[in-house]
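Visitor: Structure in C-alpha cells, see below.
Just so it is clear, none of the values below were taken in a lab; they were calculated from the coordinates. Predicted model only: the values in this text are computed from it and were never measured. Positions of Cβ are backbone-derived with ideal geometry, glycine not excepted, and every protein chain shown enters the neighbour counts.
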Amino acid sequence: MDTPPPLVKRLRDHVRLAAACAFSTVAVLYAVLCLKLTDVDMSSDVVCGSGGCPRGLGPLALWALVAGLLAGGLWWSAVKGRGYRSAIGWLVAVTVGLVALWPGWLGFSWLRGPHMDLFSYQVPDGPGADKPLGSWAGHPDTGFVIRARADGVTGYNGEGRHGWGLPAPAGGAVCAMSGDTPSGTGLLTLTTAESTCGNRLVAVDVTSGKQLWTKDIPKLVGKPSAGGSLAVTATADAVLAHDLVTGAELWRSPLPAGAVAMEVAAGPDRVLLLARTDKDVELYALGARTGAVAWRFAMPVGSESPRIVSASPAAAVGAGRLLAFDDAGRPRAGSQAPYVPTTGAAAWLVAGDVLYAAVPEREKREVLAAFSLKDGRHLWTRAFEDDWRIRGLAADRTGRIAVVTEGGYTHLWHLDPGTGKPRGESTVLRGLPLGESFALYGRTFVNLDDDGRLPPIFDVTPTIGW
C-alpha cells in the first residue's frame, strides 16, 4: 500500500500546480491580447516606431514571454514531483488560474493606458451639405453644442440629439458667426435674398435657439464679435456697436478714409479694429462706451495676414510676433518668443489672459507654446513626439488645456495651464470619425469639414473591454 506523502510536500505540490495554472492563463491571455493589438489596433499602414505601435504592446509581449517561461518551469516541476495526481490540487489550481485572469487583465489595462471609443453620433449630413462655419458650446450644465452651416444653425442637447434648429432665411444664407458667446448669446450675420453676405445681424440664445433681436445692417463685413455687453460688427464704412441684450445701437464709429475693415473684436473695456489702409495694416482701439479712437498702431506684416488675438487684454499677431499693448497702445517689452503662425490646422486657444498656440520648433516639429497676453511673455513650451502634429486645442471645465495630437495614433492630453505639464497619461482616441477641422467640448467632437460623410457631432466614452 502506498504511503501518503507528507502534508508539507502535498501543500508544496498544490502551490506549484496552482502557480503553473495561474501563469499559464496569464501567458495565454497576454498572447491573445498581443495578437489583438497587432492584428486589430495596428492598421496596415502603421508600423512600430515613432509612436506608431499600440501603446503597451512591447511590455505586454515581454510579460507574456516571462509568464510563459515561468509557467513552463512550474509545469516541469509539478510533473517531476507528481503533484498533478491530486484531485483537490487540480480543483485549487483551476480556480487560482481563473482568478489570475483578473489581475492579469488589470495589468494589461495599466500597460496600455486610458483609451476612448465612439459612444454616440449624429447621422452624417450627406453629399452636397453646406460647409460648416463654426460651433459654439452652450452652458456647461446643459451640455448643449451648436453647429452652424450656411443653410442654418442646429443645437444638440446633452445626449447629442437635435435640440433646436434655426434655418437660414428663404433664398438667403448664414454668413458668419461670432467666436464667443458671452452670457449665452451668440451673433450671426445672415444674408437675405436681396443682398450679398451679409445684411442682417441676429442675436441668438445658444441654449434655446430663440432669436433675441434682429437688425438689418447693409454691407456687413467679416465676422461679428460679442464681448462684455457689446455686439460689434464692421460694415464697409463704419464699426457699429449694439447692446448685446436689447440690440439697441450704442454708437457708430466711421472708418478712416480709405480704410477697409478686416476684423473686429469686442471686450469689456475696448473694441479692436484691424483695417487695411494706405499704410498697409493698422490696429485701432476704440472705447467700448463711445467708439472713440483711443490709439492706433501700424502692424508689422509678413507672409501671413495680421490677426487680432484678444480685445481685453489688447493683443494681436503680426509677422509672426505676438504684440501685447498697454492702455496707450504701446507694445509691451515681453520676451523673445517663438514664431507664432496665424494660419494652420490647429486653432488658437485664448483662455483667461493666456494664448496657447501650435508653433514650429526649428522647422522640425510642432510644439505647444503659451504666451501671456498681458505682457507678451513666452511662458512655457510643451513638446510631443517628433512627428506628431497638434490637431486641436480646448479648455475643459476644470481649467486644464485639452490638446489633441496625431502621430501613429490620435491622443488626447490634458495639460496644466500654468506649466504645460501633463495631468495624467494621454488618452488614445480609437478609430474616431474625425475630420481635419473640428472643435472639442468636453467629450463631444464637432466636425467642421465640408465632408458630408462624417457625422456632424459625436461623443466618446472610456473604453470598456479590449
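Visitor: Over the range 133-221, what relative contact order in percent results from Cα pairs under 8 Å that are six or more residues apart? Write out the running numbers ahead of the final one.
Guide: Working: 220 pairs, mean separation 18.7, N = 89.
RCO, the range 133-221: 21 percent.
Visitor: Also: Using helices alone, what [θ] at 222 nm do you get for the chain, with -39,500 (n - 2.57) per DSSP H run of 4 or more residues, divided over all residues and rounded to the nearest 500? Mind dumping the intermediate values first?
Guide: Numbers: 3 runs with 80 residues, N = 466.
Mean residue ellipticity, 222 nm, calculated: -6000 deg cm²/dmol.
Visitor: Given a cut-off of under 8 Å on Cα pairs at least six residues apart, what relative contact order in percent is computed for the chain?
Guide: On the way: 1088 pairs, mean separation 56.6, N = 466.
Value for the chain: 12 percent.
Visitor: Taking the Cα atoms only, what angle lies between the long axis of helix 7-36 and the longest principal axis of the chain, rounded to 10 degrees?
Guide: With both axes taken from Cα atoms, the answer is about 40 degrees.
Visitor: Here is a follow-up. May I ask for the angle, rounded to the nearest 10°, between helix 57-80 and the longest principal axis of the chain, with both axes built from Cα atoms and the value confined to 0 to 90°?
Guide: Helix 57-80 sits roughly 10 degrees off the main axis of the chain.
Visitor: Scan (1) 1.16; (2) 1.41; (3) 1.22 for the value of Rg/Rh (Cα atoms, Kirkwood Rh) calculated from this model and give just the label.
Guide: Comparing each candidate, only (1) matches the computed number.
Visitor: OK, next. Work out the count of Lys pairs in the chain where the Cα-Cα distance is under 28 Å, with the pair 8 or more places apart or on different chains.
Guide: Here the count comes out as 14.
Visitor: In nanometres, what is the gap between the two model label sites at residue 131 and residue 450, each 7 Å from Cα along Cα-to-Cβ?
Guide: Result: 0.4 nm between the two label points.
Visitor: Starting from the Cα-Cα distance between residue 374 and residue 99, subtract it from 0.36 nm times their residue separation and give me the gain in nm to one decimal. Kindly include the intermediate steps, with their values, before the conclusion.
Guide: Working: separation 275, 0.36 × 275 = 99.00 nm, distance 5.83 nm.
Full extension of this stretch gives 93.2 nm more.
Visitor: So what's the net charge close to residue 342: Lys and Arg +1, Asp and Glu -1, counting the other residues with Cβ under 14 Å from its Cβ?
Guide: Values: positive: 307, 321; negative: 263, 304.
Residues near residue 342 contribute 0 overall.
Visitor: Would you mind putting 409-421, 228-240 in packing order, based on average other-beta-carbon counts within 10 Å, highest first?
Guide: On the way: 409-421: 17.6, 228-240: 21.7.
The densest-packed peptide leads the list: 228-240, 409-421.
Visitor: In degrees from 0 to 90, rounded to the nearest 10, what is the angle of the helix 87-112 Cα long axis to the longest principal axis of the chain?
Guide: Approximately 20 degrees, to the nearest 10.
Visitor: Sort the following peptides by mean Cβ neighbour count (other Cβ atoms within 10 Å, averaged over residues), highest first: 171-184, 313-326.
Guide: 313-326, 171-184
Visitor: Here is a further query. Between residue 208 and residue 292, what is the spin-label point distance in nm, taking each point 7 Å from the Cα along the Cα→C-beta axis?
Guide: Inter-label distance under the simple model: 3.9 nm.
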